[in-house]
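A short write-up of the structure that comes next.
Please treat every number below as a calculation from the coordinates, not as lab data. Everything numeric in this text was worked out from a predicted model, so none of it was measured. Note that each Cβ is placed from the backbone with ideal geometry, even for glycine, and that neighbours are counted across all protein chains shown.
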């Protein structure tokens with residue numbers, strides 16, 4: 001029976017140097033521990049009028065209080081309030097998964113999305129390590145100027161942290177957002193794939209390798225032709241006259257065979273269907289946008 005240790009695609013067992021990952025002196029010890037994600041500390045200060053500060057509204061997950069604070073206006077000093085770990089309100093919300101707070105802080109003009117804490121972590125790193133995919137997606141899509149290649153004090157990027165902790169969906173989101181899959185840390189010189197292997201995150205490693213094999217969405221390219229190359233071969237094979245022996249064999253397989261669920265085949269029918277539908281959907285959105293723009297121009301011309 002084959003094991004992961006003998007799989008040529010996964011590599012060998014961790015060596016003696018890698019066993020130090022579980023020791024207290026490991027470079028990734030605080031990353032892999034549960035208590036590293038959330039320091040047990042919050043501020044208890046309030047504003048001069050008795051109202052909660054921006055940081056406390058974030059820490060207590062009070063989106064309505066945060067909205068009132070932002071509506072009355074905040075200073076740069078209040079928006080930059082930090083705790084003893086160097087965390088601001090956005091970092092704390094990203095760690096705990098307070099999505100509404102992350103949404104609300106988007107309207108704050110003084111939030112620095114790439115601000116680092118005492119250990120060099122950014123809000124994106126914290127959300128990636130914690131595995132909050134919705135928070136990561138919102139940060140990547142809406143916070144302008146976000147940098148996926150910022151490194152902490154050990155040289156870890158957000159992608160390396162996500163791969164090390166087995167956050168597969170976060171890894172996929174970061175790679176599709178342009179994160180460098182080949183970036184290595186400054187301590188061990190290992191990439192995200194190396195760390196996924198060393199920490200036993202084989203599902204994450206498999207996703208990274210699939211993303212490496214398909215670095216771009218071919219269905220969005222101008223050269224993409226919405227047709228299945230294997231269709232003609234499949235049709236020709238189905239039309240071929242089968243012998244009596246082949247018919248009996250096929251009938252036995254259909255009667256006594258077991259249908260075991262499995263992943264879709266690469267370049268198979270389901271894979272091709274997904275490519276075609278996403279291609280058509282994007283093109284329809286583009287046509288709708290062009291149509292709306294033309295209508296706006298015509299309306300503006302008539303009014304002028």
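Against the empirical curve 2.2 N^0.38 Å, the C-alpha radius of gyration of segment 32-213 lands at a ratio of 1.05.
Note on residue 239 and residue 259: with the Förster distance fixed at 30 Å, the Cβ-Cβ geometry gives a FRET efficiency of about 0.75. Extension gain for the segment residue 60 to residue 232, taken as residue separation times 0.36 nm less the Cα-Cα distance, is 55.9 nm to one decimal.
Report note on the peptides 97-105, 57-65: ranked by the mean count of other C-beta atoms within 10 Å, highest first, their order is 97-105, 57-65. Each peptide in 204-211, 229-236 receives the mean, over its residues, of other Cβ atoms within 10 Å, and ordering these scores from highest gives 204-211, 229-236. Going from the fewest other Cβ atoms within 10 Å to the most, the residues 167, 56, 154 appear in the order 154, 56, 167. The simple Förster model, with R0 at 41 Å and r as the Cβ-Cβ distance, assigns residue 80 and residue 277 a FRET efficiency of 0.35.
Each peptide in 78-87, 192-201, 248-257 was scored by the mean count of other Cβ atoms within 10 Å over its residues; highest first, the order is 192-201, 78-87, 248-257.
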